[in-house]
1. Is the stretch 289-297 home to any residue that is part of a helix (DSSP H, G or I), open to solvent by 100 Å² or more (accessible area, probe 1.4 Å) and within 16 Å of the ligand (Cβ to nearest atom)?
2. For the stretch 225-249: of the residues being more than 10 Å from the ligand (Cβ to nearest atom) and open to solvent by less than 100 Å² (accessible area, probe 1.4 Å), which is farthest from Asp30 (Cα to Cα)?
3. Which residues, counting only those in the stretch 252-269, are closer than 16 Å to Thr83 by Cα and not hydrophobic (A, V, I, L, M, F, W, C)?
4. Considering only residues that are in a loop (DSSP other than H, G, I, E, B), open to solvent by 20 Å² or more (accessible area, probe 1.4 Å) and touching a strand residue (DSSP E or B) at 6+ places or on another chain (Cβ under 8 Å), which ones fall in the stretch 308-328?
5. Those residues that are within 28 Å of the chain's Cα centre (by Cα), among the polar types (S, T, N, Q) and part of a strand (DSSP E or B), I need them from the stretch 174-213; list them, please.
6. Under 7 Å between Cβ atoms, which residue pairs at least 6 apart in sequence (or on different chains) link something in the stretch 222-245 that is within 30 Å of Gly130 (Cα to Cα) and in a loop (DSSP other than H, G, I, E, B) with a partner that is among the acidic types (Asp, Glu) and open to solvent by 70 Å² or more (accessible area, probe 1.4 Å)?
7. Contact list please: Cβ distance under 6 Å, first residue in the stretch 1-26 and within 18 Å of Leu172 (Cα to Cα), second residue hydroxyl-bearing (Ser, Thr, Tyr) and within 15 Å of the ligand (Cβ to nearest atom), pairs at least six apart or on different chains.
8. Take the residues of the stretch 104-131 that are over 24 Å from Cys200 (Cα atoms) and surrounded by 12 or more Cβ atoms within 10 Å (Cβ to Cβ): which is nearest to the chain's Cα centre (by Cα)?
Amino acid sequence: MPIYSHSQLSTYEECPLKYKLRYRDKIKRDVESVEAFLGGTVHETLKKCYDHVKLARLATLDELLASYDNLWQQNWHDGIVITRKDVTADDYRALGRKMIETYYQRHAPFDQDITIGTEMRIRFSLDDGGRYKFQGVIDRLARTQGGIYHIHDYKTSAYLPSQEDIDNDRQLAFYQIGVQKRWPGVQEIQLIWHYLAFDCLLVSQRSQEKIAELAEETIRLIDELEATEEFLPKESDYCKWCEYPDLCPTRKHLYTVEALPANEYLSEPGVVLVNRYAELKEKAGEIDEEMAKVKDALIDYARQEGVTVLKGSRYKVRVKFGEKLGFPRKGEPAHENLDDTIIQAGKWPEVSQLDTTALTGIVEKGLWDKELIDQVMKYGRIEETSAVYLSKLSEEE
Ligand code: SF4
């Protein structure tokens with residue numbers, strides 16, 4: 001079984017097809033979102049900062065900013081994608097600088113805890129048998145003088161989660177499992193997120209029960225993933241940043257035609273078919289509306305004249321009148337009372353949300369006991385039905 005990670009499992013949950021392309025088929029793409037590039041550059045700068053501290057050397061803010069600018073310049077590449085039209089690469093670079101500045105001002109001289117490792121790879125298994133192997137990279141692992149372990153994570157996103165989100169986040173909780181397996185004597189661990197764009201620090205702690213639950217849930221998820229044979233695409237907002245639009249059945253056509261010049265775009269066979277279908281569908285909607293009106297008029301006419309067959313030039317129409325059992329519909333006053341009767345009888349799932357058509361079927365087939373049917377029938381009524389059938393006139397007609 002492969003070694004899993006938090007990002008692999010999240011990708012699988014986000015979209016099984018993307019997971020397959022990225023982790024099973026290992027298809028590499030030279031594209032990267034500017035947000036990911038910004039995050040990577042800030043992470044590397046803060047790593048440098050703490051690597052200096054480990055050597056008892058305090059980097060100045062200017063040194064760190066210069067290092068950040070260098071990394072930005074050296075690593076920038078043509079595959080970086082900026083999806084927001086109103087923001088430039090320079091805006092993103094300035095945003096990263098600001099994050100480093102505020103972080104520095106809040107934490108210098110960085111002696112709140114003792115750094116054990118930066119960008120620290122950690123490997124462990126979720127089960128005692130060592131079958132479900134897991135790995136991750138801790139942005140910074142540290143220990144206080146009092147022996148509390150801190151698992152730090154830097155976030156550069158423009159979204160600040162709630163405390164509840166943080167308490168349910170599983171990434172750092174996975175790392176807690178890894179730290180506890182590596183140092184079984186550790187008594188207390190704090191999970192700390194630095195939301196750098198907001199100069200905000202969020203802290204969460206996990207009980208041993210919560211950690212055990214997480215391990216069990218994750219093992220179940222891995223089992224599901226391992227048993228998956230068909231990795232289907234799952235469309236969502238994440239598609240905007242997906243690196244495989246050309247390999248995904250939900251995006252491939254869009255991806256292909258959006259690169260075409262306007263005149264070619266409009267004559268592309270798929271585009272032509274969709275446009276034609278949409279046009280016809282619109283017309284069909286208008287025709288359906290018109291047909292419903294004519295049908296009602298036919299029924300009214302037949303009722304008024306006391307006839308059941310009406311003759312046209314080439315066709316005739318047969319109007320059939322009848323009766324059927326019906327019940328008060330949603331919005332009618334007696335509907336709620338009927339609903340209560342069925343709920344109290346424990347039969348609600350059979351007609352969920354009081355589906356009156358299903359109820360009619362049950363009563364007509366006598367599927368419930370007589371007493372309940374009698375109770376329900378208090379609300380029953382005979383409703384008039386009508387149907388219209390069109391056929392070609394025969395030669396004699
Ligand atoms: S484009 Fe969307 S649906 Fe297709 S693979 Fe990517 S994330 Fe999945």
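The values are calculated or read from the model by the stated rules, or taken from the named source; none is laboratory data. For clarity, every value in this text was computed on a predicted model and none was experimentally measured. Cβ placement follows ideal geometry from the backbone for every residue including glycine, while neighbour counts extend to all protein chains displayed. Accessible surface is based on the protein model in full, side chains and every heavy atom, while ligands, DNA and RNA are left aside. Shrake-Rupley method; radii C 1.70, N 1.55, O 1.52, S 1.80 Å.
1. no
2. That would be Ala227.
3. If the condition is that a residue be closer than 16 Å to Thr83 by Cα and not hydrophobic (A, V, I, L, M, F, W, C), then Tyr255, Glu258 are the ones that fit.
4. Scanning the stretch 308-328 gives Thr308, Arg314.
5. The one that is within 28 Å of the chain's Cα centre (by Cα), among the polar types (S, T, N, Q) and part of a strand (DSSP E or B): Ser204.
6. none
7. Correct list of pairs: Gln8/Tyr23; Thr11/Tyr19.
8. That would be Leu126.
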